[in-house]
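What follows is one structure encoded as structure tokens, with my remarks underneath.
The values are calculated or read from the model by the stated rules, or taken from the named source; none is laboratory data. Computed from a predicted structure; not experimentally measured. Positions of Cβ are generated from backbone atoms using ideal geometry, with glycine treated the same way; all protein chains shown enter the neighbour counts.
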Amino acid sequence: MSNAQRAELGVAPVGTLLVKMSVPATVAMMVNGLYNLVDTIFIGRGVGTDAIGGLALAFPVQMIVMGVGMAIGQGAASVVSRNLGAENDRRARRAAGNAFALATAAGLVILAAGLLFLEPLLGLLGAMDPLRGHARDYLRIILYGSPFIALAMVSNNLFRAEGKARTAMTTMLIGAVTNIVLDPLFIFGFRMGVAGAAWATVIGQFLAFAFSASLFLRRRTLVVVRAKHWIPRASVLREITALGVPTFVRQGGQSIVAMLLNNMFGIYGGPVYISAYGVVFRLILFVFMPLFGTVQGFQPIAGFNYGARLYGRVRRTLRITAVYATAYTTTAFALLFGFPSLFAGIFTSDPQLIATVSRVMRSVVAAFPLLGIQIVGGAYFLVIGKSIPSLILNLSRQFLFLIPLLLILPRFFGLTGLLASFPAADLSAAVLTVTWLVLELRQLGKEEDALGSPN
């Protein structure tokens, strides 16, 4: 990292720096999320309600693949950004190379295991007729793209760790735009159905990876990665894995919850509720992309300044990001809770599906204003290298609260209890996150006082 870039992360006004780092990531994340929406819209309009349900059943596995790439990438990005801040460029390069090696191995394992156990996996996902065939067609193709999806995720996180937010944005745009262009061609032009949507996704991710690889091979990156940096080093892999586990657990937790919900919606509501949750989940995932983009901009700033012991700047970065996140989630709540049928109509003209989406939507978003601080809090502990708090906070919504509620409430209140589990889990997780953040910031203030920091 150049001296000018080090100075920018450590000296430039936090608010201005956060905007600069977040806007490219936000644009890229929104376009990246848009192709998930486009998949669902084209499938809903071109194939039908059952096909949307098939995508919903397959999506948890796709989330696992993405989660592996995100976990390795964010774990490596934390190592890279802190070592750049501490001017330890050698370890930063080693972390980047080890991350690529780990992502390649993980992607190949997922590919082999997924194809070998595809039919049992479909049963675990809750696949039922008439949704099972659509889920099988989509999932088989997505598995072929697993290594490229994981490597593209790692590359993006490494670009952001060295402050190259625009490069990360370009990479994501390549994958997303390719997917959006190919979707109508494959689904409508070639009449490939859900398989066309899957191939569009895989081709897009492959091109994103190819572009990223070309930058590293031509040494157009600040963290220069050579073949020797791919050689595994135990201490580096342990650190990447420890810091990436919270991200994987969060993503894996969402996947497990999605599988559980698909099964439970099938039991208490039938196939139309599986399709409805598929619409709601993809729409919410898109709505949260600007927030995830802001968090990605927040991470290298907080990580660099924490490594440089500029604790005042760390606290200001956290405060500004948390205020924005809460304002954003409150706005999202007002729109989604107030006009659910309007959003449902984008995906389908089926009146039964629109009505079901509206009911599910209002329950899922009921506690949305609380989610901003929860997401920022989990990211904060990750970037400062405290993996245990990050792990617990990222576990809290899915594992500590939502899954137990899903297993208990529907037994007594049926579908109503299932839907009530969402806001109850969000409230509980937010309270835990705020409590932990308050305690951490008090300790950070003590360390700042001990250093006599003017920041």
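Details
- Test: Phe211 is of a type outside the set (Ser, Thr, Tyr), free of Cβ contacts under 8 Å to residues at least 60 places away in the same chain and under 20 Å from Gly97 (Cα atoms): yes
- Scope region 428-455; condition loosely packed, with under 14 Cβ neighbours inside 10 Å, part of a helix (DSSP H, G or I) and in contact (Cβ under 8 Å) with a residue 60 or more places away in the chain; matching residues: Gly445, Glu447, Leu451
- Residues in region 222-251 that are within 12 Å of Leu391 (Cα to Cα) and charged (D, E, K, R): Arg250 alone.
- Qualifying position, being surrounded by fewer than 24 Cβ atoms within 10 Å (Cβ to Cβ), at pLDDT below 95 and part of a helix (DSSP H, G or I), among Arg91, Arg82, Arg140: Arg91
- Pairing each residue of region 22-36 that is farther than 17 Å from Gln205 by Cβ with any residue that is of a type in the set (S, T, N, Q) and in a helix (DSSP H, G or I), provided the two are 6+ apart or on different chains, yields C-beta distances under 8 Å for Ser22/Thr294; Ser22/Gln296; Ala25/Thr294; Ala25/Gln296; Thr26/Thr294.
- Boolean, Leu405 is part of a helix (DSSP H, G or I) and surrounded by 20 or more Cβ atoms within 10 Å (Cβ to Cβ): no
- Hits in region 269-309 - residues which are of a type in the set (Ser, Thr, Tyr) and either part of a loop (DSSP other than H, G, I, E, B) or within 24 Å of Gly345 (Cα to Cα) (or both): Tyr273, Ser275, Tyr277
- Looking only at region 69-79, and only at residues there that are farther than 17 Å from Gly163 by Cβ and hydrophobic (A, V, I, L, M, F, W, C), the one that is surrounded by the most Cβ atoms within 10 Å (Cβ to Cβ): Ile72
- Selection within region 353-399 - among the polar types (S, T, N, Q) and closer than 17 Å to Ser78 by Cβ: Ser387, Ser390, Asn394
- Against the test of being outside any helix (DSSP H, G or I), closer than 30 Å to Glu447 by Cβ, touching a helix residue (DSSP H, G or I) at 6+ places or on another chain (Cβ under 8 Å) and of a type outside the set (Val, Ile, Thr), the options Gly385, Gly372, Gly378 yield a single qualifying residue, Gly385.
- If you go through region 108-137 and keep only what is in contact with a Pro (Cβ under 9 Å, 6 or more places away or on another chain) and surrounded by 21 or more Cβ atoms within 10 Å (Cβ to Cβ), you end up with Leu125, Leu131.
- Selected residue [under 24 Å from the mean Cα position of the chain (by Cα), surrounded by fewer than 17 Cβ atoms within 10 Å (Cβ to Cβ), at pLDDT 90 or above and of a type in the set (A, V, I, L, M, F, W, C)] from Val181, Val194: Val181
- For Gly312: the one exception among (1) assigned to a loop (DSSP other than H, G, I, E, B); (2) modelled with pLDDT under 90: (1)
- Tally, over region 145-161, of residues that are out of contact with any Gly (no Cβ under 9 Å at 6 or more places or on another chain) and either modelled with pLDDT of 95 or more or surrounded by fewer than 24 Cβ atoms within 10 Å (Cβ to Cβ) (or both): 0
- Scanning region 203-241 for residues that are of a type in the set (A, V, I, L, M, F, W, C), farther than 17 Å from Glu162 by Cα and assigned to a helix (DSSP H, G or I) yields Ile203, Phe206, Leu207, Ala208, Phe209, Ala210, Phe211, Ala227, Trp230, Ala234, Val236, Leu237.
- Out of Ala308, Ala302, sole residue that is touching a residue at least 24 places away in the same chain (Cβ under 8 Å) and under 22 Å from Val27 (Cβ atoms): Ala302
- Restricting region 313-348 to residues that are without any contact (Cβ under 8 Å) to a residue 24 or more places away in the chain and more than 26 Å from Gly293 (Cβ to Cβ), the residue that is surrounded by the most Cβ atoms within 10 Å (Cβ to Cβ) is Gly345.
- Check on Ala150, in a helix (DSSP H, G or I) and farther than 30 Å from Leu57 by Cβ: no
- When region 100-137 is limited to residues that are charged (D, E, K, R) and outside any loop (DSSP other than H, G, I, E, B), the one that is farthest from Gly193 (Cα to Cα) turns out to be Glu119.
- Residue ID - farthest from the chain's Cα centre (by Cα), chosen from residues in region 349-369 that are surrounded by fewer than 23 Cβ atoms within 10 Å (Cβ to Cβ) and over 20 Å from Ile41 (Cβ atoms): Arg359
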